1. Among 50, 16, 105, which one shows the highest mean-square fluctuation when the chain is modelled as a Gaussian network with alpha-carbon springs under 10 Å?
2. Go through the range 43-49 residue by residue and turn each phi into a ³J(HN,Hα) via Karplus (6.51, -1.76, 1.60, θ = phi - 60°); whole Hz please, and just put x for glycine and proline.
3. With the chain treated as a Gaussian network of Cα nodes joined by springs under 10 Å, which of 103, 15, 57 yields the largest mean-square fluctuation?
4. Of [x] 50, 34, 31; [y] 56, 31, 19; [z] 62, 30, 26, which is the value of Cα extents along the principal axes in Å derived from the coordinates here?
5. State the extension gain, in nm to one decimal, for the chain segment bounded by residue 81 and residue 61, taking 0.36 nm per residue of separation less the distance between their alpha-carbons.
6. At 222 nm, what value in deg cm²/dmol follows for the chain if DSSP H runs of at least 4 each add -39500 (n - 2.57) and the sum is divided by all its residues, to the nearest 500?
7. I'd like the orientation of helix 94-107 relative to the chain: the angle between its Cα long axis and the longest Cα principal axis, in ° from 0 to 90, rounded to 10.
8. Just to be sure I understand the model, the point goes 7 Å from the Cα along the line to the Cβ. What's the resulting residue 24 to residue 54 distance in nm?
Amino acid sequence: MAEAKKKSLISHGVAAQNRKARFDYAIKDTVEAGLVLRGPEVKSLRHGRATLTDAWAGEREGEMWIFNLYIPEYQGGVLSRFEPRAPRKLLLKKKQIDSLLGAVARQGATLVPLDIHFNEKGRAKVLLGVGEG
């Protein structure tokens, strides 16, 4: 009798990676930012189903956001639905936001999400890279 294989959930470690970013951009600096998510989005991330390929970070109304990050809907029977490619807010300190926006304005750099991972406390974090190229 064959047992059904369960895919293990990611409690800490990398949930999604943008491998193409390091090839397309010369990454000068990296910053770790928190990510504002709802429950079903976190569950979908824990299954490792997010895609960072076309994602980018930018400023909107003085706050940092990540755009075009694809997190598919969680299929576990949860009634709350969400938009898979909705902009999601990044949690950064004001000095970090100012330095990132200064690098983008001065050098013409791009803010590229390199990976999404869960820290030891189980919180979702995004590693942003300041890239040129």
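A short reminder: the numbers here are calculations on the coordinates, not readings from a lab. Bear in mind that the values here come from a model prediction, so they are computed numbers and not experimental data. Heads up, the Cβs are rebuilt from the backbone with ideal geometry, glycines too, and the neighbour counts pull from every protein chain shown.
1. 105
2. Per residue, the Karplus-derived 3J(HN,Hα) values read 4, 5, 5, 5, 7, x, 10 Hz.
3. 103
4. Structure-derived value, by its label: [z].
5. On the way: separation 20, 0.36 × 20 = 7.20 nm, distance 2.58 nm.
That works out to 4.6 nm of additional length.
6. Values: 3 runs with 28 residues, N = 133.
Calculated at 222 nm, the ellipticity per residue is -6000 deg cm²/dmol.
7. 60
8. Computed distance between label sites residue 24 and residue 54 equals 1.1 nm.
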